[in-house]
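Quick notes on the structure that follows.
Just so you know, all these numbers are worked out from the coordinates, no wet-lab data involved. Please read all numbers here as calculations on a predicted model, not as lab measurements. Don't worry about glycine lacking a Cβ; one is built from the backbone with ideal geometry, like all the others, and counts go over all protein chains shown.
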Amino acid sequence: MLDGLLIVIDRWPSYYAHRERIGVPGTKAMVHFMNNWDRRLPDGNKSGSRTNLLLATLPQADWAIVSSRLEPVHLQDDQVLHESGCPVTVAYFPTTAILSLRQPLDDGPSAEVASVGREGMVGLPIVTGGEMMTTRVLVQASGTAYRMRCIDLQFAVEHCEVLPQLLLRYLETLLHLISQVAVCNRHHALHAHVCCWVLLNFDRVQSNRLLLTQQKIADAIGVRREGVMTALRQLHDDQVIRRSRGCIDLIDRSGLEKQSCECYRVLREGLRLEAQHLELREVAAQIDGELGTNLQRGAN
């Protein structure tokens, strides 16, 4: 599971019904899909573990514009992709990599304000009209991603119908995530915070094993390594995790969730609904094809 914003799904049917009544193009198939999605959505993550969800849910017309401008890349641990205050020239859409957005201080230390996996992208200033990155972006877990030049993403946003909506939704998601992290840092004990952070990263890699050092966790959270070591030792003694050098194995998920703060529940629920929304869009495109319509041109 991935970090995300709480999406109020129960408003969608009335929203799309209203769009159909006023004749907004491309809505008839979406209304049909909203009435039938529960019978068509397969179990599990339909997009697959090696797919960026934002890209996977683009309709064919948008994908035709975007796909030719994407470059697959492999990102290494601790690789710096953007520096705070520097011009943003490329965007990244992670597939298996996890990226960390860090806010650096003048005297050197930094803390993570958000992380990005296959549910999102890095390079939003390109979309919002900014020129500079406000955070440092580094690779927290190595893996693959798609890279797109600034000029190409700007072209895609101008010429695609659905892509701008998805990116704005993701911006909303990211703002929610950052606000939740701020609350967690201010009000929750370090032990609970570590549990929440570890759980979210287990969800991101979709595995029961994390290849992360205690120092890397401490750097992300913005605390001393000793605090993280104490928390992980307690979890190990409680037989919730098994820790070894550079590796954390999950043994008892429910036990880890019980020791986590409420932020994990909030972010997990946000992830579930956001991922469901993206998957439903993909199913909508399939239903649209079955109806013999085109979501880009709209249905009559």
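Side notes on the structure shown:
- Over the range 93-156, relative contact order from alpha-carbon pairs under 8 Å, at least 6 apart, %: 45 percent
- Contour minus Cα-Cα distance for Arg149 and Cys247 (0.36 nm per residue): 31.8 nm
- The Kirkwood radius of the range 111-223, taken over pairs of alpha-carbon atoms, gives through the Stokes-Einstein law at 10 °C and 1.306 mPa s a diffusion coefficient of 100 µm² s⁻¹.
- Prolate/oblate/rounded call for the range 201-265, Cα gyration tensor, a/c under 1.5 rounded: rounded
- Over the range 189-259, relative contact order from alpha-carbon pairs under 8 Å, at least 6 apart, %: 35 percent
- Footprinting exposure proxy for Glu172, Glu112, Glu226 (fewest neighbouring C-beta atoms within 10 Å first): Glu226, Glu172, Glu112
- Multiplying the residue separation of Gln76 and His187 by 0.36 nm and removing their Cα-Cα distance gives an extension gain of 36.6 nm.
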